[in-house]
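Below is one structure, written out as structure tokens; comments come after it.
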Amino acid sequence: MTRLGILISGRGSNLRAIAAAARDGRLGAEIALVLSNRPGAPGLAWAREQGLPVCELPSAGREREDYDREVVARLRSAGVELVALAGYMRLLSGVLLDAYPGRILNIHPSLLPAFPGLDAQQQAIEYGVKFSGCTVHFVDESLDGGPVLVQAVVPVLDSDDAAALAARILEQEHRLYPEAIRLVAEGRVRLDGRHVRVSAKI
Ligand code: GRF
């Protein structure tokens with residue numbers, strides 16, 4: 001079974017959804033490590049309580065490449081083959097990208113390439129779009145710009161504020177991310193430049 005590393009910085013609700021899928025045999029992968037770059041991350045405390053393998057590796061004040069070298073060492077020693085960023089609030093350097101080429105996923109709360117970066121839900125509301133959603137994509141050196149694996153769409157309602165839209169999107173994130181991880185873990189995903197080809201289940 002594919003050994004998955006999950007990188008977090010905060011709340012960890014996607015982590016919980018992924019862990020629930022793993023428990024129910026819906027992930028096609030096992031959680032080999034949960035790493036947080038923020039010591040106080042609620043998601044880290046939760047993972048510890050669950051008995052998941054955790055690593056607390058504070059990044060504050062650390063030089064990017066030097067820090068990522070240590071992340072790679074921790075991932076490798078846990079036997080991690082596939083990495084999922086789940087609310088990981090740090091740009092990756094080439095050190096981490098080169099260690100796991102085409103093997104790092106991220107989830108972003110918008111229909112990329114619309115609204116990359118921070119506060120994607122607020123950006124969507126301010127822009128006035130009628131639909132938004134979430135995107136699982138491969139990570140490259142750009143900010144939220146790597147090849148798109150899967151997306152889910154939600155309506156934006158006139159009554160929405162950023163919190164209401166975020167909650168609607170989050171529900172889809174929790175469904176979509178475990179499904180996306182499963183596709184990669186089962187070896188059904190091929191990268192073809194910017195295009196991600198998904199083969200049917202055999
Ligand atoms: C999610 O909205 C995710 O799309 C974004 O950061 C948030 C993380 O939430 N990248 P959580 O920590 O998984 O609850």
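For residue 190, neighbours were defined as the other residues whose beta-carbon sits under 15 Å from its Cβ, and their charges (Lys and Arg +1, Asp and Glu -1) total +3. Principal-axis analysis of the Cα atoms of the chain puts helix 162-185 at an angle of about 50° to the longest axis.
Using bins of 5 Å that start at zero, the share of Cα-Cα pairs per bin across the chain amounts to 1, 8, 16, 20, 21, 17, 11, 5, 1, 0, in whole %. Counting charges near residue 42 (Lys, Arg +1; Asp, Glu -1) among other residues having Cβ under 15 Å from its Cβ returns a value of +2. Sorting the segments 2-13, 183-194 by their mean number of nearby beta carbons within 10 angstrom, highest to lowest, gives 2-13, 183-194. Any idea what log10 I(q)/I(0) is at q = 0.14, 0.17, 0.21 Å⁻¹ for the stretch 106-202, Debye with uniform C-alpha scatterers and no solvent? Each listed q maps to, in turn, -0.52, -0.73, -1.00. For the chain, the mean residue ellipticity at 222 nm estimated from helices alone is -11000 deg cm²/dmol, where every DSSP H run of n ≥ 4 contributes -39500 (n - 2.57) and the total is divided by all residues, rounded to the nearest 500.
Every Cα-Cα pair in the stretch 1-101 was counted, and those over 19 Å apart are 36% of them.
Values quoted throughout were computed directly from the atomic coordinates according to the rules given, and no laboratory measurement underlies them. Small disclaimer: the values here were computed from a predicted structure and weren't measured. We place every Cβ from the backbone using ideal geometry, glycine too, and count neighbours over all the protein chains shown.
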